[in-house]
Amino acid sequence: MAQGRRIRIMVAKPGLDGHDRGARIIARAYRDAGFEVVYTGLHQTPEEIVEAAIQEDVDMIGLSSLAGAHKYLFIRTVELLREKGAEDIVVCGGGIIPEEDIPMLKEAGVKEIFTPGTPLGVIVEWVEQNVKPR
Amino acid sequence: MSQVFDRKVFEEIEKGRKKWEKELEKIFASAPERLERFSTVSDREIERIYTPADVADLDFERDIGFPGQFPFTRGVQPSMYRGRLWTMRMFAGLGTAKDTNKRFHLLVKEGQTGLSTAFDMPTLMGYDSDSPRSRGECGKCGVAIDTLKDMEDLFDGLPIDRITTSMTINPPASVLWAMYIAMAEKRGIPRKVLGGTIQNDMLKEFIAQKTFMCPPEPSVRIITDTVEFGTKEVPKWNTISISGYHIREAGSTAVQELAFTLADGIAYAEAAVERGLDVDDFAPRFSFFFNSHLDFFEEIAKFRAARRMWAKIMKDRFKAKNPRSWWLRFHTQTAGCSLTAQQPYNNVVRTALEALAAVLGGAQSLHTNSLDEVLALPTEEAATIALRTQQIIAEESGVANTIDPLGGSYFVEALTNQMEEEAWEIINKIDEMGGMLSAIEKNYPQQEIADAAYHYQKRIDEKQRTVVGVNKYVTDEETPVEILEIDEELERLQIEKTNRVKSERDNKKVQECLERLTEACVEDRNVMEPLIDAVKNYATLQETCDVYRKVFGEYRDPGIY
C-alpha cells in the first residue's frame, strides 16, 4: 500500500437520473473502507463533475447511472478529463449498464463497470488494487 | 365489541405451547434450527409460530370487520374482487410519443384495462429535449414529451373517455395534466369525464426518488392548486398518488414505507384544508401507491395496516364524514429492486410472488415488472409475460374467489397490528418535528432510508440474506436476454419535431400565456387554467417549468449518504 495520503474518491451522479440508492451505498462502503469520499449529490453535468473532481483533487471518480444515459454521460466525463489533462483520475461506473455497452465504455477509457449484484467488498478490493493516490 | 378469542382459551393454549416447545428443545438439541434468526426482508424477527395469544385483544368489528366497512382492514369496496378484478395497469413508455402509442395499443389489445405512462428523465425534470441538461437522455427510460403535439400523438386512437390513464410525473405534474386535459378537449372530450391519476407527490421526491425542481413549500403549493382544480373541474381524476413505492425502492423497510407515505398524505391533506377545501371534497380523490416486495406476509400485513391507519387518520384526525374519504385505494408495483441481473428469468417468479401479495393485500391496480427491467426497458415479449402473470393469478389460481383470504390468520393479524403500531410511532415522531415538511428539512426520512438501505446491502454481502443467483446458487453461465435498444437518432428527431412546433405556433400568444402563468404563481392564484391555455397554444414543457423555477427557485440535492 502506498504511504501517506488516503485514496480520495468522488462518487458522482451524472445526468437527470434520481436513482441514488446505489451511489449512496457505495459512498458509505468507500468511507467504511477508509477512503476519503466526496459525494456530488444528484443531477450533475459531466462538466460539473470534472471541474469538481479536479478541484477536490480526487484519485478516482465513480459514476452511477440507472436511467440509460450512461453512453453519453460516462464517455463525455472521460473526454473532459482528457481535455483538462486529468486523465490520470481513474473513472469507473456502475448501475444498469447492459453487457453489450461495456466494451465500448472501456474502450473510451472507463476503467471498470460494476453491474447490479456486485458485492461491495469486490468493488472496494478493486479500488485498492487499481487506484493509487496521485 | 366482539372479542375474537375467549380469554379462557389462552390458558389452554399456553399449556399446549409449553408442551410443544419442550418437544422442540429435544429436536433442536440434536439438530439446531436452520437459522440463528428468522427475519423478513425488512429484518423484522419472526416467531416460530403464532397462536391466538399473539392476537389476544383482537376485536372483530374494531380491527377486522367486513370489506367496505370501517376500518377497511379487509378491503375498501364491499365487493372487492368478487365484483371487479383489480386494474391491470402496466407502466409503459419508451422513445417517442408514437413509439409509446404503439405499445399502448398492444397492451390494450392484450387485455390491459388501464394505461400508465412512463416519461423520460428530461420530461420528469421539466426540461425540453433540446436542453443541454437532456443530452443523452431523450426517450431513454420513458417517453419524451415537450409539447401538446407529443401528448396528442401519445394518446392517438386510444379511447380516453373510457379508459383511465395514470401518469407518473411529479415536479411538472400540473403541466402534463394540463396537456392531457387540453388534448382531450381538442378531441371533444370534456374534462368532467376524464379518469386517471397523476402521481404529483413531491414529498416522496425529496425523501426518496429525487426528481425535484422547486423547493418543498412551493412544490406543495402547486400540488394544492391541482387538488383544488381537480375537486371542482375534473372530479373523476385522482389528483395525487401518495407513493411509498419509491421510498421502498430507495431502501426503506416496510414499516418506514408505510409510515412515511401516510405522513406525506397527512401533509397534503393539511395543505388542502388550509386552502379552505372541505376534506370530504378532496380526500376521496387521493390515491396511494405501494411497493410489493418479496416478503410475502409482511407485504400483505402492510397493505392491510395501511388501509386501517388511513381510515383512522381521515376519520379521527381530519374529521372526514364521507366514507369515501376514509378509503385508502392503492396501486401497487412489484419491487424493481428485488430483481436481479443474474439469471434474469428468475425474475418472473419473484414478480409472481410479489403480485400475489398485492392481490391478497387488496390492491386496486397492479403493475408487474418485466424480467428484463433490471437490464433495460422491457421488450414486448417480457411485458406480455408480466401481464400474463397477473391474468394467471386472477383467473387460474383461485385466490380472488374470496375476499381477504388471510384475514384471521394469527400470523397475518399479529403482523398487521405490529406494523400499525410501529408506523404510528414514526408518524408521531414526524408530528413532533412539526410535520413532514420540517422532517424533510431535517433530513430525517432521508437518513433513515439511507441507514436501512445500507443495512440491507450489508446483510446480502454477508450472506445473512439470500438472493438466489447473486449470493447463492450462482452459475457462471450468462443467460442471453434480448434487450430493447433505444435508437440514438431519436434525440435529433424529437428536437426537430419540437422546433417545428415552435416555428408554427403563435409566439406572441405563448408569451402572453406565460406572463399570465407567472402572475398566477406570484399572486397565489390557481395555476391550472393559465397552464391549460399555455399548453393549448403549444408552450413547451420547459417554458412553463422555467416560470416555476424563476418564481419559486430551484431545489438542490443535499447529497446525504
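The values are calculated or read from the model by the stated rules, or taken from the named source; none is laboratory data. Bear in mind that the values here come from a model prediction, so they are computed numbers and not experimental data. Quick reminder, even Gly has a Cβ in these numbers, built from the backbone with ideal geometry, and neighbours come from all protein chains shown.
Descriptive notes on the structure:
- The sole residue among B:Val547, B:Val522, B:Val501 that is crowded, with 18+ Cβ neighbours inside 10 Å, not assigned by TED's automatic domain parsing to the domain that holds B:Ala250 and not acidic (Asp, Glu) is B:Val547.
- Spans of helices (runs of 4 or more DSSP H) in region B:8-112 with at least 3 residues within 34 Å of the chain's Cα centre (by Cα): B:80-83, B:97-109
- Qualifying residue in region A:74-92 (condition: within 25 Å of B:Ala250 (Cα to Cα), touching a strand residue (DSSP E or B) at 6+ places or on another chain (Cβ under 9 Å) and in contact (Cβ under 8 Å) with a residue 40 or more places away in the chain): yes
- Of all the listed residues (A:Ala27, A:Ala67, A:Ala53), the sole one being surrounded by fewer than 23 Cβ atoms within 10 Å (Cβ to Cβ) and on the phi < 0 side of the Ramachandran plot is A:Ala67.
- Filtered residues of region B:377-431 (kept if surrounded by 17 or more Cβ atoms within 10 Å (Cβ to Cβ) and of a type in the set (D, E, K, R)): B:Asp404, B:Glu413, B:Glu420, B:Glu422
- The one condition in (1) assigned to a helix (DSSP H, G or I); (2) buried (at least 16 other Cβ atoms within 10 Å of the Cβ); (3) of a type in the set (A, V, I, L, M, F, W, C) that B:Phe5 fails to fulfil: (1)
- Among residues that are over 25 Å from B:Asp487 (Cα atoms), modelled with pLDDT under 95 and in contact with a Gly (Cβ under 8 Å, 6 or more places away or on another chain), A:Gly62 is not included.
- Taking region B:417-518 as the region of interest, the helices (runs of 4 or more DSSP H) fully inside it that hold 3 or more residues being within 14 Å of chain A (Cβ to nearest Cβ) are B:444-461, B:489-504.
- Qualifying residue in region A:20-30 (condition: away from chain B (no Cβ under 14 Å) and either among the β-branched types (Val, Ile, Thr) or part of a helix (DSSP H, G or I) (or both)): no
- Residues located in region A:31-45, provided they are in contact with a strand residue (DSSP E or B) (Cβ under 6 Å, 6 or more places away or on another chain) and more than 7 Å from every other protein chain (Cβ to nearest Cβ): A:Arg31, A:Phe35, A:Glu36, A:Val37, A:Val38, A:Gln44
- Applying the criterion of at least 3 residues that are crowded, with 24+ Cβ neighbours inside 10 Å and either over 18 Å from the mean Cα position of the chain (by Cα) or not β-branched (Val, Ile, Thr) (or both) to the helices (runs of 4 or more DSSP H) found wholly in region B:221-315 leaves B:245-249, B:254-274, B:296-312.
- Listed conditions (1) touching a residue at least 24 places away in the same chain (Cβ under 8 Å); (2) under 28 Å from B:Asp461 (Cβ atoms); (3) within 14 Å of another protein chain (Cβ to nearest Cβ); (4) within 14 Å of the chain's Cα centre (by Cα) are all met by A:Val131, apart from (3).
- B:Ile207 falls short on exactly one of the conditions (1) farther than 22 Å from B:Arg89 by Cα; (2) away from chain A (no Cβ under 14 Å); (3) not in a loop (DSSP other than H, G, I, E, B), and that condition is (2).
- Checking B:Pro172 against (1) surrounded by fewer than 24 Cβ atoms within 10 Å (Cβ to Cβ); (2) within 29 Å of B:Glu554 (Cα to Cα); (3) within 23 Å of the chain's Cα centre (by Cα), the condition it does not meet: (1)
- Hey, A:Glu83 more than 14 Å from chain B (Cβ to nearest Cβ), surrounded by fewer than 21 Cβ atoms within 10 Å (Cβ to Cβ) and farther than 19 Å from B:Pro122 by Cβ or not: yes
- A:Gly4 being outside any helix (DSSP H, G or I), within 12 Å of chain B (Cβ to nearest Cβ) and at pLDDT below 95: no
- Test result for A:Leu105, in a helix (DSSP H, G or I), within 30 Å of B:Phe212 (Cα to Cα) and in contact with a His (Cβ under 9 Å, 6 or more places away or on another chain): yes
- Meets criteria (touching a residue at least 24 places away in the same chain (Cβ under 8 Å), within 8 Å of chain B (Cβ to nearest Cβ), farther than 13 Å from B:Glu137 by Cα and of a type in the set (D, E, K, R)) for A:Asp57: no
- Of all residues in region B:505-561, those being within 23 Å of B:Arg275 (Cα to Cα) and of a type in the set (Gly, Ala, Ser) number 2.
- Given (1) more than 14 Å from chain A (Cβ to nearest Cβ); (2) farther than 21 Å from B:Asp278 by Cα; (3) crowded, with 23+ Cβ neighbours inside 10 Å, number of the condition B:Glu185 does not satisfy: (3)
- Qualifying positions in region B:367-390 - over 17 Å from B:Ser338 (Cβ atoms) and in a loop (DSSP other than H, G, I, E, B): B:Ala376, B:Leu377, B:Thr379
- Filtered by the rule that a residue be free of Cβ contacts under 8 Å to residues at least 60 places away in the same chain and over 14 Å from the mean Cα position of the chain (by Cα), region A:2-16 gives A:Gln3, A:Leu16.
- Output for region B:145-164, where each listed residue is in contact with a strand residue (DSSP E or B) (Cβ under 9 Å, 6 or more places away or on another chain), modelled with pLDDT of 95 or more and surrounded by 19 or more Cβ atoms within 10 Å (Cβ to Cβ): B:Ile145, B:Asp150, B:Leu154, B:Phe155
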